[in-house]
Amino acid sequence: MTNLITAEGMRKLEDEFDHLWRVERPKVVQGVSDAAAEGDRSENAEYIYGKKRLREIDRKLKHLGGRLKVLKVAAAPKNPLSVSFGCWVTYEDEDGNERCYQLVGADEFDVSKGRISIDSPVGQALLQKKVDDEVTIRRPSGELVVSITEIRGA
């Protein structure tokens, strides 16, 4: 997995970590403490749910903390000549359907927002290609041949 991330992606991960650590976790810890003070914990749903939620938060904090240590912020080139990290690439398939994606790190992909991982099969197929290049994308549903129509920086 590539350890690259955009500056925007890094901010989002840092904000998520900060929110979990400073807001969510203290709120859940207080809820667990309050539920524990009520006595019998074996049938106390709030206590049991709170402990479960606390484990989920701690697991997410551990994951985010580990990723934040190894991620490197990389800026997209201003006027790219070929597809690289952070670029927006537009391509057209054989039927004339056009798609536009930004190649980002695995920690920030969101296909619904047009952001795909540089490590994905599509991302790997597009890397280092230039405008007018034909690219074969190998997908589970079969191969797709596309032509790159535009490459732009972030």
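The values are calculated or read from the model by the stated rules, or taken from the named source; none is laboratory data. Keep in mind that this is a model prediction, so the values were computed, not measured. Here Cβ is always computed from backbone atoms with ideal geometry, including for glycine, and neighbour counts include all displayed protein chains.
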For segment 5-28 the number of residues that are touching a helix residue (DSSP H, G or I) at 6+ places or on another chain (Cβ under 9 Å) and outside any helix (DSSP H, G or I) is 1
Restricting attention to segment 1-57, report how many residues are surrounded by fewer than 17 Cβ atoms within 10 Å (Cβ to Cβ), in contact (Cβ under 8 Å) with a residue 12 or more places away in the chain, among the hydrophobic types (A, V, I, L, M, F, W, C) and more than 23 Å from Val70 (Cβ to Cβ).
2
Considering every residue within segment 44-60, establish whether at least one is at pLDDT 95 or above, farther than 30 Å from Arg139 by Cα, among the β-branched types (Val, Ile, Thr) and not assigned by TED's automatic domain parsing to the domain that holds Gly114.
yes
Would you confirm whether any residue within segment 84-100 is modelled with pLDDT of 95 or more, surrounded by fewer than 18 Cβ atoms within 10 Å (Cβ to Cβ), among the hydrophobic types (A, V, I, L, M, F, W, C) and under 23 Å from the mean Cα position of the chain (by Cα)?
yes
Give the residue that is surrounded by the fewest Cβ atoms within 10 Å (Cβ to Cβ), with candidates limited to residues of segment 101-154 that are without any contact (Cβ under 8 Å) to a residue 40 or more places away in the chain and hydrophobic (A, V, I, L, M, F, W, C).
Val111
